[in-house]
1. Among F273, I180, S140, pick out the residue whose Cα is farthest towards the positive end of the charge dipole of the chain, where Lys and Arg carry +1 and Asp and Glu carry -1 on C-beta, about the Cα centre.
2. Using r as the Cβ-Cβ distance of D66 and N206, and R0 as 30 Å, what FRET efficiency do you calculate, to the nearest 0.05?
3. Using 0.36 nm times the number of residues separating K312 and Q167, minus their current alpha carbon distance, what extension gain do you get?
4. At a Cα cut-off below 24 Å, give the lysines reachable from K230, other chains included and same-chain residues fewer than 8 away excluded.
5. Between the helical axis of 217-230 and the dominant principal axis of the chain, each derived from Cα atoms, what acute angle in degrees is found, rounded to the nearest 10?
6. Quote the relative contact order of the chain in percent (integer), defining contacts as alpha-carbon pairs under 8 Å separated by 6+ residues.
7. Could you sort the peptides 283-290, 314-321 by per-residue average Cβ neighbour count (10 Å cutoff), highest mean leading?
8. What translational D, rounded to a whole number of µm²/s, comes out for the range 199-349 from Stokes-Einstein when the hydrodynamic radius is the Kirkwood one over Cα pairs, at 37 °C and 0.692 mPa s?
Amino acid sequence: MKRIKLNNTIVLILSVCIILNLTACGEAKVPDTQVSEETEDLVVVGFSQVGAESDWRKANTQSMKDTFTRENGYELILSDAQQKQSNQITTIRTFIQREVDYIVLAPVTEDGWDTVLSEAKEANIPVIVVDRQVNVSDDSLFDCWVGSNFRLEGEKVGEWLHRYFVQNEIDEAGVNIVNIKGTLGASSQIGRSGGLSISARKYNWNLLAEAEGEYTQARAREVMTNLLNKYDNINVVYCENDNEAFGVIEAIESAGLKIGPDIADGQIMIVSFDGVSEQAIELAKEGKISCIGECNPLHGPRVRKIIESLEKGVRPEKFEYVDESIYSSIDSIREIQVDEKAYPITILK
């Protein structure tokens, strides 16, 4: 879906002006968008990424870089929003001025996209949303979305917890859980928090406290330290990504407390999401993370497949969910069920 580009000189002037303005305001820089002779036959993809706050996010970015290469017929313009929606909106407008062929957006939060996506639609630039979703008044403002079913992720981990409690004859009404939430308003946070709430109501767990961990290790350690100072009866910590789990482990160990699945013996159980880094998998094998709900970050090939369909004039599915597993080193639970559908557990050894 190639379209006529702006005159190179005009594009360069526009790009320089925008970059200078962003730099002066202390915001994230938008990459150089000058058109060169050698890129005119490439499909130009502008990718606005949330940031680099977690191992999952870094793997997601690398998947896009590995996929949209010159050898594959693409020019990738990557912008790191540094977790700021305002940076993403500015970047998307730059992509529109650049007249890229496709805009790929990994949104910081769900709300606040109607205006800028309307501008992209008016410019006839297809928008593909990845990972987190967008809440817009008109779903024609984006062409399709690809990512995870975050609520299902949360419900699957909740069902794993329930099975563990039942197998070990633990009174679920006496289980105290704290939730270290991700970035508030992000689809992943909304879904995973929602999944936990469903399980807590269903099995009568006590949701003792919730705090925003921002999907970062440092923030999670800080909030967990505060929670440990406030509560002495925490049984389970539900971390909404692995980096938060790393910070929680540091806080618990610094407080001289024990981590593990044996909550009847005073240990604090940790569950988390992503399963991307070797560190997370090793901690799961050690039993410091009892269960991980997988969140697959490798969206590059999926987005490429969508673009190839659009190039052929074929409309892809509006929503494309990724199949994901559950990881645990506790081999007594081999399968869980959510809404009468069975999900196997990947046992780590």
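The values are calculated or read from the model by the stated rules, or taken from the named source; none is laboratory data. Because the structure is a prediction, the values reported are computed rather than measured. Reconstructed Cβ throughout: ideal geometry from the backbone, glycine too, with neighbour counts over all protein chains shown. Side chains included, ligands, DNA and RNA excluded: accessible areas come from the protein's heavy atoms. Shrake-Rupley method; radii C 1.70, N 1.55, O 1.52, S 1.80 Å.
1. Farthest along the dipole direction, towards plus: S140.
2. 0.10
3. Full extension from K312 to Q167 adds 46.9 nm.
4. Straight-distance partners of K230: K181, K258, K288.
5. With both axes taken from Cα atoms, the answer is about 30 degrees.
6. 15
7. Result, highest mean first: 283-290, 314-321.
8. 191
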